[in-house]
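For reference, the structure discussed in these notes is given below.
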Amino acid sequence: MEGSMAEQDDDSAAGWPIAIVMLDQTEFPDRDQLFAAIRRRIPSIVDSFPDSKEGASGLIVAADGKRCVAGYYPEPYPLEPDDQCIKSAWWWREARADLQHHRAYVAVAVVDEDGPVHRFATMAAVAAAVIETSSAIGVLWVPAEAVWRADKFREEVDSLSGELPVGSCVSVKLIGERDGDRRTYCGFTCGLAAFDLMEIEVRDFKGPAMKMIETILDMASYLIKSGPIIEHGQTIGHVGEGRFDVYHQPSTYVEGRMVYRLYLDADEDI
């Protein structure tokens, strides 16, 4: 990045949650086109360096006074084929093959103190604008330890008209197990911790995997919107519409972590 912009990126972005947009070409998007694409998604956006020279390899904008940096790096992002974000991407089976030849990336981060919902909605909008104006292949959403196809990520962001894309900010890791002749599923979220919430886990679900995943994501959306208001042993849902119990219990997968454990009945219309 150019001059003072690069210095601010290096000094301010360290340690903040980031999104990585991986590109097929070693070229930063046209600056004016990128800013216009961001403004279509965030009409109140302000260019923090409107007089930057043509060819600057980055952009710093401000949404409601909070600076967001899009910094360009003309080299592959250091992803390994066996990284968990690749191995756990059941929604993108070709992720390893599709991403292994990417040539550059844009790192997106809000570098001022901000609430997580506004922070991540801003980052998602800027990342979608980078995708629109570049040769993007995929997005690594670091807080969720998940990679998403660039077109699918942009589609979700743009369909929500500025609202938080929970399905991209929170991933659901899936594990299939055999219970005799029947297949069961375990699922757990990654990304709710970035909202100062406990993660969600389900074990031994005997119904369709997508039914479990949709329930987990609905629960995640509810928690992000309402906060940590679900108590230990609380029953969620309404009679006749599917109900399940929620307990605060130690995680099966991360030692020392407490989670929301959902007890789902495959026969309930959850």
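The values are calculated or read from the model by the stated rules, or taken from the named source; none is laboratory data. Note that the coordinates shown come from a computational prediction; the quantities given were computed from them, not determined experimentally. Ideal geometry is used to build each Cβ from the backbone, glycine not excepted, and the neighbour counts take in all protein chains shown.
Any chance you could count how many residues in the range 101-158 are in contact with a helix residue (DSSP H, G or I) (Cβ under 7 Å, 6 or more places away or on another chain), assigned to a loop (DSSP other than H, G, I, E, B) and more than 28 Å from Glu199 (Cα to Cα)?
1
Could you say whether any residue in the range 101-108 is surrounded by fewer than 23 Cβ atoms within 10 Å (Cβ to Cβ) and among the aromatic types (Phe, Trp, Tyr)? Break it down stepwise before answering.
Keep residues of the range 101-108 that are surrounded by fewer than 23 Cβ atoms within 10 Å (Cβ to Cβ), which gives 101-104, 107.
Checking which are among the aromatic types (Phe, Trp, Tyr) leaves us with none.
Checking the range 101-108: not a single residue is surrounded by fewer than 23 Cβ atoms within 10 Å (Cβ to Cβ) and among the aromatic types (Phe, Trp, Tyr).
For the range 252-270, enumerate the residues that are at pLDDT 95 or above and closer than 20 Å to Glu214 by Cα.
Val259, Tyr260, Arg261, Leu262, Tyr263
Would you pick out the residues in the range 188-218 that are crowded, with 20+ Cβ neighbours inside 10 Å, in contact with a Phe, Trp or Tyr (Cβ under 7 Å, 6 or more places away or on another chain) and more than 20 Å from Gly115 (Cα to Cα)?
Result: Phe188, Ile200, Glu201, Phe205, Met212.
Hey, Glu156 hits all of (1) under 13 Å from the mean Cα position of the chain (by Cα); (2) touching a residue at least 24 places away in the same chain (Cβ under 8 Å) but one; which does it fall short on?
Just one mismatch for Glu156, condition (2).
Do you know which residues across the range 201-235 are part of a helix (DSSP H, G or I), of a type in the set (S, T, N, Q) and touching a residue at least 12 places away in the same chain (Cβ under 8 Å)?
Scanning the range 201-235 gives Thr215, Ser221.
Give the residues of the range 192-221 that are under 19 Å from Asp179 (Cβ atoms) and not aromatic (Phe, Trp, Tyr), sorted by residue number. Let's see the steps before the verdict.
Kept after step one, since they are under 19 Å from Asp179 (Cβ atoms), are these residues of the range 192-221: 201-213.
The answer is Glu201, Val202, Arg203, Asp204, Lys206, Gly207, Pro208, Ala209, Met210, Lys211, Met212, Ile213.
Just wondering, is there one or more residues in the range 142-150 that are at pLDDT 95 or above and among the acidic types (Asp, Glu)? First the steps, then the outcome.
Residues of the range 142-150 at pLDDT 95 or above: 142-150.
Still in the running and among the acidic types (Asp, Glu): 145.
Yes: the range 142-150 contains one or more residues that are at pLDDT 95 or above and among the acidic types (Asp, Glu).
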